[in-house]
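The values are calculated or read from the model by the stated rules, or taken from the named source; none is laboratory data. All values derive from a computational prediction rather than experimental measurement. For neighbour counting, all protein chains shown are included, and Cβ atoms are generated from backbone atoms with ideal geometry for every residue, glycine included.
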Amino acid sequence: MRLLNRQLNGLAGRVSRHRRRPLAGLLVLLLGLLLTGTVYAAFSPSSATAGAAESDTEQIAKGRQLFLVGCAFCHGQNGEGVRAQRDGNIIGPPLVGVGAAAVDFQVGTGRMPMAQPGAQVKAKAPVYNADEIAALAAYVASLGPGPAIPDAGDYSLEGLSDQEREEAIVRGGQIFLTNCTACHNFEGSGGAMPRGGYAPKIRGVEPRYIYEAMLTGPQSMDVFSNGNLSPDEKRDVIAYLQSLENQPNYGGFGLGGLGPVSEGLAAWLLGIGACVGFAVWIAAHTTRTSKGNVSA
Amino acid sequence: MSIDTSKVADTNATTPAKASKPNPIGAAAGWADDRLGLATAMKKQIRKVFPDHWSFMLGEIALWSFIVLLLTGVFLTLWFVPSMGETTYQGSYNQLRGIEMSEAYASSLNISFDVRGGLLMRQMHHWAAMLFVAAMMVHLLRVFFTGAHRKPRELNWVIGCLLLILGTLEGFTGYSLPDDLLSGTGIRAADGFMKASPVIGTYMSFFVFGGEFPGETIIPRLFTVHVLLIPGLLLALVGAHMLLLVYHKHTQWPGPGRTEQNVVGYPLLPIYAAKAGGFFFVIFGVIALMGALLTINPVWKYGPYDPSKVTAGSQPDWYMGWPDGALRIMPGWETHVFGVTISWNVMLPILILPVVMFLLLTILPFIEAWITGDKRDHHILQRPRNAPTRTAFMVSLMTMYGLFWAAGGNDIIAIKLGLSINQITYFMRAAVFIGPAIAFWVTRRWCISLQRHDNDLLLHGYESGIIMRSAEGGYSERHLPISEARSYTLTARGRDEVYVPGSGVDANGVASPKRGVLAVLDKVRGRLSKVMYADNVQKPTREELEEARHHAEHEHTLQAGLDHPAPGHEFDDHALRTAGDVPLRGTASSPSAGSGAHTDDTDQ
């Protein structure tokens, strides 16, 4: 027992001897901070990662500056929207309550700031970088409560068993065919809307933007709120679309995935074109008994 | 009755001939001939002569794709389950596993993913169907543009029209069978069309669907129609079409040696058997390539049919596209009488327009024959330019068809060209009337100009490209006469005569003016005949041609005394040519009926 006590005392003495070092406290503090920061950076949403260096208030202030320069002309200096003189015409809709998700979608896909007014705002190369989009989103989100930018975890099948994944994809396919194909076509190739509008092609679009589009209903699109399509169902739709993109083209070239119109075009141009070409070739090469040309 | 040719002496020399070894093929043929009398039947037919021209092979494309349809179709029936009974999919396609669907759709998926070669067969069948109808239409256009629908081939034209409409229906029933979202939408549309017919509409719909749409009987019923009824009719009509072709003999292009009483070309065996047989494999190959490389109707992406769902880009296959286009651009006219809604917006474009167009197409040869009063047989084809009004009429029908067709794809055009679907609709509403009128006028004038050009060639020769300078300093281009053969070809056509009303004579040659309705019809006929023929350019008369020749000879003699006579062939390869012949259409119309050519006299 004495031996044990002495050994324990010795251990304690050594620890306490270290603790007495003047730099020890500072070291522990630094380690703790580093750990917290790393963990935060690893688990926080991407928008927060971008602005990790600055506080929320700073980010909102930066977003406001960007907003005043790039957006306020149409959306108003406080995001209250701008109406034209004529009744019913809106130059820019109010942004109070649209949420960060709407900003991330509209600016992230390059739709905003728009190049010109028209039947539909086109997607183009984004004008702002990720930091700026995050700042704009933070500013607009500060105007009123609205849907936040979804986490990667919201639209990923990570953590599900194979069985659950397959079920999710099947469920997503049925939701897609019920709610989305009427405008976006059966494989997301897009479709026409009245007066020059269109449902854009959604093949090859980042899952985040598809999720945000469902959440916020940009332009002519309906809002699929969480009460309408639960977050899991949104995830399933995205999983189905991803599964279509990942599967091989079983039938060969897809002809744009547009349905019978492009098939008819192929039948006439390629099919009849080739057949008539061969007919010309066969009729031009008539029989002969010698090397010289013989004609009938 | 046959003679054993293997025992006949094959020499008349002094030494007796030895019997050669019996040929096994000859022995087999002899055996068959003894029992079936094939030699007598085939003797004439295997020497049947067909003229050589690419445009005569367009109908073959349809025939061969029909054969491919039969072959692939038989394969598909071995696995397809024509039933609307519900089942749960448990096949290989992950995205639909566990979904409730009809057995028809489940078996379509099964054919696509679990039957070896099934998807290839499905795609080949569908592509062959698209080509079948398209080839029939191209063939129809060739026949009409060249005047091959005239007497004695009017009934074959009618059979061809029936084949076209039956092929279209066959395509529609096939499109509806897999019971995917697209085909179900098509059936739903058909249900709507039926219900748009006044009074009997709902009864018809309930009769066809065995109750309210969709019911449980439509797929089995369409299956019977698709694999038994229409293919049977198609086969019978294809047979009749080809028997009439053999009976009438094939038409031919005009040219030296070609008359209304003969056919110049090559015999069926061995040449046309090889050509047509080879063409079958070419068509088979084209269809197989398309089936292997190009996706058509990816049913797995559409999902099972559910009346609550629809997809953007829901179009029928192309041959049903033009009535669909008419439907899309039709204004929403409706009339309400006695509590009944008459939906003109559906009836006019879908129930009335296609029927009217089809009937018009069918009776075109008879209308033309009535206007022209032409009772002669025609085996020599007309060049499209030599029937300007007829050519223009078909081009204007084609324009109308094309515009309706484009209207059927208005949503795809809108998204691909960045247009407003509404503006396309407004444009098409006017264009389907104005476009054909413009096309008619342009084509007619174009044909007449080409006729003038032919007459220039005949009377003044072709443009040699040699510029002559006269003593006075004036410049002119030297024209050189075309060959005799070409002159013959260009003049091998009749003279158009405008019918003058009231000029009818009875059997004794006594004028017999018509009265009443007949008189009115007579006047209409006269007016139509005038529209049809009055502006045509007729071929030069014998006197004009001879005068032109004298003129050319006169010029030639004038130049004979010059220091540097200019025959006009200084800079071309005229001296190198052997025949001195400029054929009208490649080798097909050259006059040498030498080595391989055969002439088949028609038995009149």
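From the list B:Ala274, B:Ala288, B:Ala312, which one is touching a residue at least 60 places away in the same chain (Cβ under 8 Å) and assigned to a helix (DSSP H, G or I)? Answer to the selection: B:Ala288. Name, by its number, the condition in (1) away from chain A (no Cβ under 13 Å); (2) over 20 Å from A:Tyr198 (Cα atoms) that does not hold for B:Trp405. Result: B:Trp405 fails condition (1) only. Residue count for the stretch B:39-63 satisfying the condition of being more than 14 Å from every other protein chain (Cβ to nearest Cβ) and under 30 Å from B:Gly160 (Cα atoms): 8.
The sole residue among A:Gly191, A:Gly217, A:Gly146, A:Gly172 that is more than 7 Å from chain B (Cβ to nearest Cβ) and closer than 22 Å to A:Leu244 by Cβ is A:Gly172.
Among the residues of the stretch B:64-76, is there at least one that is touching a residue at least 24 places away in the same chain (Cβ under 8 Å), away from chain A (no Cβ under 14 Å) and farther than 30 Å from B:Lys275 by Cα? Scanning the stretch B:64-76, I find no residue that is touching a residue at least 24 places away in the same chain (Cβ under 8 Å), away from chain A (no Cβ under 14 Å) and farther than 30 Å from B:Lys275 by Cα, so the answer is no. Would you check if B:Arg585 is modelled with pLDDT of 90 or more and of a type in the set (D, E, K, R)? The answer is no for B:Arg585.
Within the stretch B:355-375, at least one residue is buried (at least 18 other Cβ atoms within 10 Å of the Cβ), in contact with an Asp or Glu (Cβ under 7 Å, 6 or more places away or on another chain), under 25 Å from B:Leu245 (Cα atoms) and not polar (S, T, N, Q).
Among the candidates B:Glu170, B:Glu216, the residue that is more than 14 Å from every other protein chain (Cβ to nearest Cβ) and in contact with a helix residue (DSSP H, G or I) (Cβ under 7 Å, 6 or more places away or on another chain) is uniquely B:Glu170. The condition (being in contact with a helix residue (DSSP H, G or I) (Cβ under 6 Å, 6 or more places away or on another chain) and more than 21 Å from B:Glu555 (Cβ to Cβ)) is satisfied by just one residue among B:Ala431, B:Ala485: B:Ala431.
Condition first: within 11 Å of chain B (Cβ to nearest Cβ), within 18 Å of the chain's Cα centre (by Cα), within 21 Å of B:Trp300 (Cα to Cα) and surrounded by 14 or more Cβ atoms within 10 Å (Cβ to Cβ). Can you find one or more residues in the stretch A:244-258 that meet it? Scanning the stretch A:244-258, I find at least one residue that is within 11 Å of chain B (Cβ to nearest Cβ), within 18 Å of the chain's Cα centre (by Cα), within 21 Å of B:Trp300 (Cα to Cα) and surrounded by 14 or more Cβ atoms within 10 Å (Cβ to Cβ), so the answer is yes. Considering (1) in contact (Cβ under 8 Å) with a residue 60 or more places away in the chain; (2) outside any helix (DSSP H, G or I), the lone condition that B:Ala406 does not fulfil carries the number (2). A:Tyr198 meets the conditions (1) in contact with a helix residue (DSSP H, G or I) (Cβ under 7 Å, 6 or more places away or on another chain); (2) of a type in the set (Phe, Trp, Tyr); (3) more than 7 Å from every other protein chain (Cβ to nearest Cβ) in every case but one. The failed one is (3). Any residue in the stretch B:318-337 that's closer than 17 Å to B:Ile421 by Cα and more than 14 Å from chain A (Cβ to nearest Cβ): show its pairings with residues that are part of a loop (DSSP other than H, G, I, E, B) and not aliphatic (A, V, I, L, M) at Cβ separation under 7 Å, as long as the two are six or more apart or on different chains. Going by the 7 Å Cβ cut-off, there are no qualifying pairs. Quick check: anything in the stretch A:86-101 in contact (Cβ under 8 Å) with a residue 60 or more places away in the chain, within 21 Å of A:Pro147 (Cβ to Cβ) and in a helix (DSSP H, G or I)? Yes, there is a match, as at least one residue in the stretch A:86-101 is in contact (Cβ under 8 Å) with a residue 60 or more places away in the chain, within 21 Å of A:Pro147 (Cβ to Cβ) and in a helix (DSSP H, G or I). I'd like to check something: does the stretch B:381-390 contain any residue that is touching a strand residue (DSSP E or B) at 6+ places or on another chain (Cβ under 9 Å) and closer than 16 Å to B:Leu490 by Cα? Within the stretch B:381-390, one or more residues are touching a strand residue (DSSP E or B) at 6+ places or on another chain (Cβ under 9 Å) and closer than 16 Å to B:Leu490 by Cα.
Within the bounds of the stretch A:221-236, is there any residue that is surrounded by 18 or more Cβ atoms within 10 Å (Cβ to Cβ) and within 12 Å of another protein chain (Cβ to nearest Cβ)? So far as the stretch A:221-236 goes, yes, one or more of its residues are surrounded by 18 or more Cβ atoms within 10 Å (Cβ to Cβ) and within 12 Å of another protein chain (Cβ to nearest Cβ). Where helices (runs of 4 or more DSSP H) fall entirely within the stretch A:179-296, those with at least 3 residues that are of a type in the set (D, E, K, R) are at A:231-246. What residue, among those in the stretch B:134-146 that are surrounded by fewer than 22 Cβ atoms within 10 Å (Cβ to Cβ) and within 11 Å of chain A (Cβ to nearest Cβ), is nearest to B:Gly171 (Cα to Cα)? So, considering only residues that are surrounded by fewer than 22 Cβ atoms within 10 Å (Cβ to Cβ) and within 11 Å of chain A (Cβ to nearest Cβ), the one nearest to B:Gly171 (Cα to Cα) is B:Met137. Taking the stretch B:17-50 as the range and being touching a residue at least 24 places away in the same chain (Cβ under 8 Å) and either loosely packed, with under 12 Cβ neighbours inside 10 Å or in a helix (DSSP H, G or I) (or both) as the test, the residues that pass are B:Gly30, B:Asp33, B:Asp34, B:Ala39, B:Gln45.
Residues in the stretch B:113-133 that are in a helix (DSSP H, G or I) and more than 7 Å from chain A (Cβ to nearest Cβ): B:Phe113, B:Gly118, B:Leu120, B:Met121, B:Arg122, B:Met124, B:His125, B:His126, B:Ala128, B:Ala129, B:Phe132, B:Val133.
Selection of first residues in the stretch A:65-76 that are crowded, with 17+ Cβ neighbours inside 10 Å and of second residues that are among the hydroxyl-bearing types (Ser, Thr, Tyr), restricted to Cβ pairs under 9 Å at least 6 apart or on distinct chains, gives the following pairs, ordered by first then second residue: A:Leu66/A:Tyr128; A:Leu66/A:Tyr139; A:Phe67/A:Tyr139; A:Gly70/A:Tyr128. When B:Gly98 is tested against (1) closer than 30 Å to B:Leu140 by Cβ; (2) within 13 Å of chain A (Cβ to nearest Cβ); (3) surrounded by fewer than 23 Cβ atoms within 10 Å (Cβ to Cβ); (4) of a type outside the set (S, T, N, Q), exactly one condition is not met: (1). Which residues, counting only those in the stretch A:157-169, are crowded, with 17+ Cβ neighbours inside 10 Å, at the interface with another protein chain (Cβ under 10 Å from one of its Cβ atoms) and out of contact with any Phe, Trp or Tyr (no Cβ under 9 Å at 6 or more places or on another chain)? Passing the criteria: A:Arg165, A:Glu166.
Residue count for the stretch A:139-154, restricted to those that are crowded, with 18+ Cβ neighbours inside 10 Å and assigned to a loop (DSSP other than H, G, I, E, B): 4.
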